[in-house]
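These notes concern the structure reproduced below.
The values are calculated or read from the model by the stated rules, or taken from the named source; none is laboratory data. Owing to the predicted nature of the structure, the values given are computational and were not obtained by experimental measurement. Note that we place each Cβ from the backbone using ideal geometry, even for glycine, and neighbour counts take in every protein chain shown. Surface accessibility is based on the protein's heavy atoms, side chains included, excluding ligands, DNA and RNA. Shrake-Rupley method; radii C 1.70, N 1.55, O 1.52, S 1.80 Å.
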Amino acid sequence: MFQNSSDWTLIFSNTLSGTFNNPIPEIEPLHIFTSLIIGIQVTSASAGDTWIKGGYLSQVLDAPLGMAGMAEGERLFIPLYTPKIIKFLLFPAPYKVSFQAPKYFRDCTLSIWEFIGD
């Protein structure tokens, strides 16, 4: 089902850097997702050999709560280096996502794909 590369579209891919006093900021791609299935991979050139945590991905929904008008839906642990396919189950599309790398990361490459197949 997921093997066909034409069923995936790369939405976001970027490398960000941080320091001890200025950690990597939360990453919020501008894309509005219409599929409940996405793919994500997190890498870090400066990560230690034993690190497994890549960060946390949140589904963000329009909701008239608070000042921002956005509310967090599902929040998921993302492993370092291991590509992960996610199917959001609790809230329907459309939605956005945000990603938070650990505060101790000095660099982070984040890639997010949207599944556009059947």
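Quick notes
- Radius 15 Å from Cβ of N4, net charge of other residues (Lys, Arg +1; Asp, Glu -1): -3
- For the stretch 14-31, Karplus couplings with θ = phi - 60° (6.51, -1.76, 1.60), whole Hz, Gly/Pro x: 7, 10, 10, 10, x, 10, 4, 8, 9, x, 4, x, 4, 9, 10, x, 7, 4
- Surrounding net charge for Y81, when Lys and Arg each add one and Asp and Glu each subtract one, Cβ distance under 12 Å: +1
- Cα-only Debye scattering, the chain: base-10 log of I(q)/I(0) at q = 0.10, 0.22, 0.24 Å⁻¹: -0.31, -1.27, -1.41
- Accessible surface of the chain, 1.4 Å probe: 58 percent of it comes from carbon and sulfur atoms.
- Placing a label point 7 Å from the Cα of Y81 along the Cα-to-Cβ direction, the residues of the stretch 43-59 whose backbone N falls under 15 Å from that point are 43-55.
- The stretch 53-118: radius of gyration over Cα atoms, expressed as a fraction of 2.2 N^0.38 Å: 1.23
- Charge context of V60, other residues only, Cβ under 9 angstrom, K/R +1, D/E -1: -2
- For the chain, the share of DSSP beta bridges that are antiparallel, to the nearest 5, is 95%.
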